[in-house]
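Accompanying notes for the structure given below.
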Amino acid sequence: MIITYILKYQHFASLRTLRTLRGAAFAMPSSLAALFIVIILVTPRCLTGQVPKLPPLEAFISDTLSIVVPFDSTMSNQPVSIQVIDSRKLGESTVGIKQIKKWKYIPVDQYLELNQSLATLFQTQFASDSLQMAGTLHITDLILWTDRKPFFSKGLCLNAYTTFHDTTGNPVSDWIWEIRLKKKKKQAEDEYLGQVIRNLITAQSTALSSSDFNLEFYPHLYRRQMMIWNDFIIFKDGFGVNAHLTLDFPADQKSKWVRGSPGIFYRKASDHESIAIGGKDQIWFWRLSSNWIAKSSGTYRFGFNNFERSHYSSLDFWNLFYVNLSSMASLEYRPVYHKGLFGGIGLYQGVNILPDVIDQFETGLVLNLGILLP
């Protein structure tokens, strides 16, 4: 009877301890929180003389999200002459790894696993489209990541690089893929990822069946390319500089694309100066020819002002802040697969919300100069 009472007391004491200390886990680092939870779970069993049974180690350090790529059930099963070789570093059915929080506290790697190998899914689509072409498709890279830089177009992005060789091994074409798909409201993550992968496979099959080939291969290593540029703005009463640095996958084979870029903006006038850091520029690009692109951008900025006191008798405190909306349009020399310096010319139009003691509307001439490092 006494032993039973002691065991019951230990059980309820453990529950009280867990409720009391649960809030402390919120303030702990994730690794300490994981250790904290394990100790709480193990201690009551140790007090009763039972051997604690912990979940397998894999349950703490990894997780798997199974992705089913949707295909039409009426697809043809006829054999195809195109061989698909997946030379990515990940497994044949793994399309990505991302970090999630398991049990709200423990950071683990989540493996994104297809229900079939990626090469098999490509061949299934080729059979459905009755491709009569012979050769080998190489899947060199496939990256799933979240692009948070564009203000309006943020979200999941799939970048991939594939090449096609004929039966003698001679290169025929390569493709630089960028797939963006807006997620539906309340759509399951696995279903969404399955549709993104399906869009890539369908686009590749369409390119092969229509002989949409790029005869000039991408000459650089396929990876994120660094681009640094400055927009120099000439105003009637001074100048401005808008500095950018981005790391994005190449988009040389696209006719239009969108990018986002935080920047540092500095404005110098005769009687005041302003600085803003971190405003998100959303930039739209259109390729006009093999050498020229058109560019349009829009952004908001928040920063601070400094004034020449001799020009202003008094200033309200809110004029310390700089709030600006602006847009730019320019023509830029940047050849396909370019590496090195580039530049352009355009127009700037800005609206100053704060401070309210300067011109509300500003127009300027833009000269941009940058360097692209693949």
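Trp229 falls short on exactly one of the conditions (1) of a type outside the set (Ser, Thr, Tyr); (2) within 21 Å of Leu372 (Cβ to Cβ); (3) not assigned by TED's automatic domain parsing to the domain that holds Val258, and that condition is (3). Apart from one condition, Met227 fits all of (1) surrounded by 18 or more Cβ atoms within 10 Å (Cβ to Cβ); (2) within 17 Å of Ala329 (Cα to Cα); the exception is (2). Scanning segment 237-267 for residues that are touching a residue at least 60 places away in the same chain (Cβ under 8 Å) and either outside any strand (DSSP E or B) or out of contact with any strand residue (DSSP E or B) (no Cβ under 7 Å at 6 or more places or on another chain) (or both) gives Phe249, Pro250, Ala251, Asp252, Gln253, Lys254. Is it true that Asp271 is in the same structural domain as Phe235 (by TED's automatic domain parsing), surrounded by fewer than 17 Cβ atoms within 10 Å (Cβ to Cβ) and in contact with a helix residue (DSSP H, G or I) (Cβ under 7 Å, 6 or more places away or on another chain)? Criteria met by Asp271. Checked against the criterion of being touching a strand residue (DSSP E or B) at 6+ places or on another chain (Cβ under 6 Å), over 29 Å from Arg259 (Cβ atoms) and not small (Gly, Ala, Ser), the candidates Asp63, Asp86, Asp109 yield just one match: Asp63. Looking at segment 130-145, is at least one residue touching a Lys or Arg at 6+ places or on another chain (Cβ under 7 Å) and closer than 16 Å to Asp63 by Cβ? Scanning segment 130-145, I find no residue that is touching a Lys or Arg at 6+ places or on another chain (Cβ under 7 Å) and closer than 16 Å to Asp63 by Cβ, so the answer is no. What single numbered condition from (1) closer than 27 Å to Trp175 by Cβ; (2) exposed (fewer than 14 other Cβ atoms within 10 Å of the Cβ) fails to hold for Phe361? Here Phe361 clears every test but (1).
Do we have Ser314 as among the hydroxyl-bearing types (Ser, Thr, Tyr), out of contact with any Ser or Thr (no Cβ under 7 Å at 6 or more places or on another chain) and in the same structural domain as Ser261 (by TED's automatic domain parsing) here? In short, yes.
Only a single criterion out of (1) touching a Leu at 6+ places or on another chain (Cβ under 8 Å); (2) surrounded by 14 or more Cβ atoms within 10 Å (Cβ to Cβ); (3) not acidic (Asp, Glu) is not satisfied by Arg287, namely (1).
Given the criteria within 19 Å of Phe302 (Cα to Cα), among the aliphatic types (A, V, I, L, M) and outside any strand (DSSP E or B), does Val323 qualify? For Val323, the condition - within 19 Å of Phe302 (Cα to Cα), among the aliphatic types (A, V, I, L, M) and outside any strand (DSSP E or B) - is not met. For segment 329-343, give me each residue that is touching a Phe, Trp or Tyr at 6+ places or on another chain (Cβ under 9 Å) and not small (Gly, Ala, Ser). Hits for segment 329-343 are Leu331, Glu332, Tyr333, Arg334, Pro335, Tyr337, Phe342.
Each row is one residue, and each column tells you yes or no for (1) modelled with pLDDT of 95 or more; (2) more than 24 Å from Asn115 (Cβ to Cβ); (3) out of contact with any Leu (no Cβ under 7 Å at 6 or more places or on another chain); (4) assigned by TED's automatic domain parsing to the domain that holds Tyr111.
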position: Lys182; (1), (2), (3), (4): no, no, yes, yes
position: Lys186; (1), (2), (3), (4): no, no, yes, yes
position: Gly194; (1), (2), (3), (4): yes, no, yes, yes
position: Ile201; (1), (2), (3), (4): yes, no, no, yes
position: Gln204; (1), (2), (3), (4): yes, no, yes, yes
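Residues that are free of Cβ contacts under 8 Å to residues at least 40 places away in the same chain and closer than 24 Å to Arg224 by Cα within segment 158-179 comprise Trp177, Ile179, listed in sequence order.
The values are calculated or read from the model by the stated rules, or taken from the named source; none is laboratory data. None of the values given here were measured: they were computed from a predicted structure. Cβ sites come from the backbone with ideal geometry, for glycine too, and all protein chains shown count toward neighbours.
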